[in-house]
Amino acid sequence: GQDGGGIFNAAVNVRTAVTVVDSTIADNGATNGGGGIGNFGGDVFITGSTIRDNAGDKYAGGLWNMANGSLLALTNSTVSGNENHFSYAGGIWNQRGVARLHSVTIADNHAGAGGDRGIGGGIANDPGSTLEIGNSIVAGNAATDGVGPDCYDGGGANTVTSLGYNLIGVVDAECTLSGATTGNVTDIAAKLGALANNGGPTATHAPQA
């Protein structure tokens, strides 16, 4: 499809909700964006799941939260190996919506994998959007332009709200963290293992020594 290759939740006249539990959304593609999941104006709740190896031809390889009022709540989940071929967000693009990430691993995603412009390899948060993140790992992602490889928020145009206890591999001028910084670790490698069966309902990245 054009948006939301695996799942597309579109709330037009009625607000719609999608709940994903203990599931894998993998190997999907979209000709525009949201290779794994696209959410336009509705609610998406994801728990205990893995969004992996999806591709957006232009935007948001993994998940695209793409309209005013859109809600994306991601808990105890993994976003890995997703890519977009041009512009924003290999892993997650929060565009004008609300994204709440709790106990999430975002790793090995690539923005601009087609060799074109790529910004925000792990997460891209648009101006005017709300993004909160706690107890999570965002590391080992790549951006072809080198802009915000793990986290991008427009260079201070808006902020990413930390709830504490995050590991973010690269925090540069394109990613401004506000909120609670207790327990945060930044600008350090996460030392994660490859995506594998580590005993949970879906594949995960186990931390190494």
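All of (1) over 20 Å from Thr78 (Cβ atoms); (2) surrounded by fewer than 16 Cβ atoms within 10 Å (Cβ to Cβ); (3) at pLDDT below 95; (4) not aliphatic (A, V, I, L, M) hold for Asn158 with one exception: (2). The selection criterion, being aliphatic (A, V, I, L, M) and in contact (Cβ under 8 Å) with a residue 40 or more places away in the chain, does not hold for Ala99. Here Gly33 meets the list (1) over 24 Å from Ala194 (Cβ atoms); (2) open to solvent by less than 10 Å² (accessible area, probe 1.4 Å); (3) at pLDDT 95 or above almost entirely, failing just condition (3).
Per the conditions (1) within 23 Å of Cys175 (Cβ to Cβ); (2) touching a strand residue (DSSP E or B) at 6+ places or on another chain (Cβ under 6 Å), the sole criterion not satisfied by Thr47 is (1).
Candidates in the stretch 130-155 are the residues that are open to solvent by less than 10 Å² (accessible area, probe 1.4 Å) and of a type outside the set (A, V, I, L, M, F, W, C); of these, the one that is nearest to Gly193 (Cα to Cα) is Ser136. For beta carbons closer than 6 Å, sequence separation of 6+ or different chains, a first residue in the stretch 3-20 that is β-branched (Val, Ile, Thr) and a second that is open to solvent by less than 40 Å² (accessible area, probe 1.4 Å) and part of a strand (DSSP E or B), the qualifying pairs are Ile7/Ile37; Thr16/Asn9; Val18/Asn9; Val18/Val44; Val20/Ile46. Within the stretch 183-194, residues that are of a type in the set (Lys, Arg) sit with their Cβ atoms under 8 Å from residues that are open to solvent by 60 Å² or more (accessible area, probe 1.4 Å) and part of a loop (DSSP other than H, G, I, E, B), at 6+ positions apart or across chains, in these pairs: Lys191/Gln208; Lys191/Ala209.
Which residue is nearest to the chain's Cα centre (by Cα), if the candidates are limited to the stretch 35-56 and must be without any contact (Cβ under 8 Å) to a residue 40 or more places away in the chain and assigned to a loop (DSSP other than H, G, I, E, B)? Residue satisfying both the conditions and the ranking: Asp53. Restricting the stretch 164-209 to residues that are among the hydrophobic types (A, V, I, L, M, F, W, C) and farther than 18 Å from Asn135 by Cα, the residue that is surrounded by the most Cβ atoms within 10 Å (Cβ to Cβ) is Leu195. Scanning the stretch 54-85 for residues that are surrounded by fewer than 24 Cβ atoms within 10 Å (Cβ to Cβ), more than 18 Å from Thr144 (Cβ to Cβ) and of a type outside the set (Gly, Ala, Ser) yields a count of 4.
The values are calculated or read from the model by the stated rules, or taken from the named source; none is laboratory data. These numbers come from a predicted model, not from an experiment. Please note: Cβ atoms are built from the backbone with ideal geometry, for glycine as well, and neighbour counts cover all protein chains shown. Surface areas here come from the heavy atoms of the whole protein model, side chains and all, with no ligands, DNA or RNA. Shrake-Rupley method; radii C 1.70, N 1.55, O 1.52, S 1.80 Å.
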